[in-house]
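The values are calculated or read from the model by the stated rules, or taken from the named source; none is laboratory data. On a predicted model such as this, the values are computed, not experimentally measured, just so you know. Because the Cβ atoms are built from the backbone with ideal geometry, glycine has one as well, and the counts that use them run over all protein chains shown.
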Amino acid sequence: MAEILTVVESANGAVKKVSLELLALAGKLGEPAAVWLGPGYSDEAGAVLAEHGAAKIYVADNADLVDYVVAPKAEALAQIMQTANPGAVLIASSAEGKEIAARLAVKTGSGVITDAVDVAADLTATQSVFGGSTIVQSKVTTGTPIITVRVNSIAPEAAPAAGTRVDVAVDVSEAAKSAKVTDRTVAAKGGRPELAEAAIVVSGGRGVNGADGFGVIEALADSLGAAVGASRAATDAGWYPHQYQVGQTGKTVSPQLYIANGISGAIQHRAGMQTSKTVIVVNKDPEAPIFELADFGVVGDLFSVVPQLTDEINKRKG
């Protein structure tokens with residue numbers, strides 16, 4: 001059974017959930033192996049990866065991999081691929097992940113597929129394309145398949161494995177050091193989960209009618225332990241920060257539950273959330289396009305419906 005390499009994403013030494021999702025997918029395709037690029041690996045991180053299926057953990061403890069932008073990571077992966085000879089490489093479909101995948105494909109003479117939402121046992125990837133209007137199946141025909149996978153497309157699964165650490169020495173070329181990281185700023189985090197990784201997302205749109213209206217959206221999100229999202233209309237109006245925009249020009253989310261409140265459902269927004277597993281819509285316009293995606297819909301004023309929903313959830317939690 002061929003190894004399936006999965007590139008680990010971490011924050012302050014902690015393994016991100018998307019890395020566990022990649023391991024779950026890798027387990028369906030071959031023997032999962034994790035790749036840790038850069039300093040910060042710990043026994044605790046290794047235990048988490050092993051618990052979720054990593055038979056091997058390749059550790060490239062080289063500061064150059066994080067002190068320079070993207071290129072060194074692609075070089076390191078190319079070197080690891082030469083010795084591991086994997087059946088495929090899975091990478092999170094983040095901005096950095098897609099750039100690493102593209103560079104890696106060029107270096108190894110391989111085909112690349114981005115934004116997959118699933119991968120079959122024969123390595124055929126399922127993608128949502130053209131703003132989410134079309135579902136296609138794609139397959140790499142040259143080299144080693146390099147596939148980036150959308151966050152929340154696969155549920156993490158416990159599948160205890162050996163988690164054997166394999167230290168690898170990688171050589172970073174001078175050409176890969178052309179862009180150096182000169183400073184880092186830690187993003188301020190609130191109590192809510194990160195939008196792109198959240199299992200539940202509660203979003204507000206034009207129907208929220210102003211910045212103050214997002215109070216009811218935030219209250220519902222907090223009752224569910226969810227992230228808050230917003231449509232482009234709401235962020236462009238200055239009602240909510242742009243980093244919370246869901247859509248084709250914002251963030252793509254694929255949570256287990258997406259609750260759209262006062263959002264009409266323009267194709268731009270739908271492209272960013274339509275792979276959500278369950279969609280609930282609250283909108284006073286029964287003809288709103290967003291209802292086409294709804295598993296459950298309520299035609300009504302969100303300022304009446306959402307607070308009632310929040311109260312009911314809080315009662316049941318109590």
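Please go through region 51-86 and give me each residue that is touching a strand residue (DSSP E or B) at 6+ places or on another chain (Cβ under 9 Å), among the hydrophobic types (A, V, I, L, M, F, W, C) and assigned to a helix (DSSP H, G or I), ordered by number. Listed by number, the residues that qualify are Leu65, Val66, Ala76, Leu77, Ile80, Met81, Ala84.
Summed over region 8-33, the residues that are free of Cβ contacts under 8 Å to residues at least 40 places away in the same chain and either of a type outside the set (A, V, I, L, M, F, W, C) or surrounded by 22 or more Cβ atoms within 10 Å (Cβ to Cβ) (or both) give a count of 5.
Confirm whether Asp285 is part of a loop (DSSP other than H, G, I, E, B), in the same structural domain as Arg206 (by TED's automatic domain parsing) and of a type in the set (Asp, Glu). It is true that Asp285 is part of a loop (DSSP other than H, G, I, E, B), in the same structural domain as Arg206 (by TED's automatic domain parsing) and of a type in the set (Asp, Glu). Number of residues in region 220-279 that are of a type in the set (D, E, K, R), farther than 24 Å from Arg316 by Cα and either within 18 Å of the chain's Cα centre (by Cα) or in a strand (DSSP E or B) (or both): the value is 2. Taken together, the criteria place Ser276 among residues that are surrounded by 21 or more Cβ atoms within 10 Å (Cβ to Cβ) and touching a strand residue (DSSP E or B) at 6+ places or on another chain (Cβ under 9 Å). Looking at Asp171, is it assigned by TED's automatic domain parsing to the domain that holds Ala34 and either touching a strand residue (DSSP E or B) at 6+ places or on another chain (Cβ under 7 Å) or on the phi > 0 side of the Ramachandran plot (or both)? When the stated conditions are applied, Asp171 does not pass them.
Matching residues to (1) surrounded by 13 or more Cβ atoms within 10 Å (Cβ to Cβ); (2) without any contact (Cβ under 8 Å) to a residue 60 or more places away in the chain; (3) assigned to a loop (DSSP other than H, G, I, E, B):
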{"position": "Thr141", "(1), (2), (3)": "no, yes, yes"}
{"position": "Glu157", "(1), (2), (3)": "yes, no, yes"}
{"position": "Val170", "(1), (2), (3)": "yes, no, yes"}
{"position": "Asp183", "(1), (2), (3)": "no, yes, yes"}
{"position": "Ser203", "(1), (2), (3)": "yes, no, no"}
{"position": "Asp212", "(1), (2), (3)": "no, yes, no"}
